[in-house]
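One structure is given below, encoded as structure tokens.
The values are calculated or read from the model by the stated rules, or taken from the named source; none is laboratory data. Note that this is a predicted model, so its numbers are computed, not measured. Cβ placement follows ideal geometry from the backbone for every residue including glycine, while neighbour counts extend to all protein chains displayed. Note: areas computed on protein heavy atoms with side chains; ligands, DNA, RNA excluded. Shrake-Rupley method; radii C 1.70, N 1.55, O 1.52, S 1.80 Å.
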Amino acid sequence: MGISSDTAVIGLTGQSGAGKTTVCRVFAENGFSVIDADSIARQVMEKGTQCLEEVSECFGRDILDEDGSLNRQKLADIVFTDKNKLKQLNAISYPYITSEILKLIKKFTDEKKKLVLLDAPTLFESRADDFCDLIISVTATEKNRAERIAKRDGITPEQIKERFSSQHTERFFINHSDFIIKNNKSAELLEEKAKEVADKIKEYYNAEEAE
């Protein structure tokens, strides 16, 4: 449930490679204020932060580059091959990420923003769905997602498989979301679907406000 009666927080999540970035852009273009959880996750693990210090204590200094900054690939190689290690990382980082998300929600609420999109790949794992009034998930077939990730990130089929194994299934997203946007065709169709959902949400909250 959302945390403010004046500001509606819409959670956006989904499977890796499904097209969430495009959906987020469409919502931003249609008047939603965006909170980028991935960006926050990078910020809380920047060189010199308390979060990075705790993570390096847990996983060893080998995950750091010579200048003390995080080597993200080394950390990914550890956590995406061991679910327990991924849980350890999440237990350390999520409280820092959640704190920053709540600060931004408060900021947008203070600014009288009516619709906030929380773009969070790990929305459910971090329990950030607790802050949301509605949840949208973007899904696609495993084949389509694997092709997109290989092209986008340049990683191997084995690395893609490991990444997928650490994530929820499509059925999970369907069961835990208010809207599902499937992206198995063209980018243009995805944008059309995203705008349709954005318009429905805006219409609902504008009507509610008018009552």
For the chain, the per residue accessible area (1.4 Å probe, Å²) is 55
Magnitude of the Cβ-charge dipole of the chain, K/R +1 and D/E -1, about the Cα centre, nearest 20 debye?
480
Starting from the Kirkwood Rh over alpha-carbon pairs, what translational D in µm² s⁻¹ does the range 153-211 have by Stokes-Einstein at 20 °C and 1.002 mPa s?
148
Please figure out what share of the DSSP beta bridges in the range 1-141 is antiparallel and state it in percent, rounded to the nearest 5.
5
Portion, in percent, of the accessible area of the chain that falls on carbon or sulfur, probe 1.4 Å:
49
Stretch gain in nm, segment LYS185-ARG25, where the contour uses 0.36 nm per residue and the Cα spacing is subtracted:
55.8 nm
Descending semi-axes in whole angstrom, ellipsoid equivalent of the chain, from the Cα gyration tensor:
30, 22, 14
Which of the lysines could be linked to LYS74 by a straight reach, that is with a Cα gap under 27 Å, when you skip same-chain ones fewer than 8 residues away?
LYS20, LYS47, LYS83, LYS85, LYS87, LYS143, LYS151, LYS161
log10 I(q)/I(0) for the range 37-147, Debye formula on C-alpha points only (no solvent), q = 0.17 Å⁻¹, two decimals, reads -0.93
Exposure rank, largest accessible area first [THR13, THR141; 1.4 Å]:
THR141, THR13
Given the protein chains as shown and a 1.4 Å probe, how many square angstrom of GLU100 are accessible, to the nearest 10?
60
How far apart, in nm, are the 7 Å Cα→Cβ label points at GLU57 and ASP199?
5.3
Quick one: Debye curve from the alpha-carbon atoms of the range 15-85 only, equal weights, vacuum; give me log10 I(q)/I(0) at q = 0.23, 0.28 Å⁻¹ to two decimals.
-1.01, -1.25
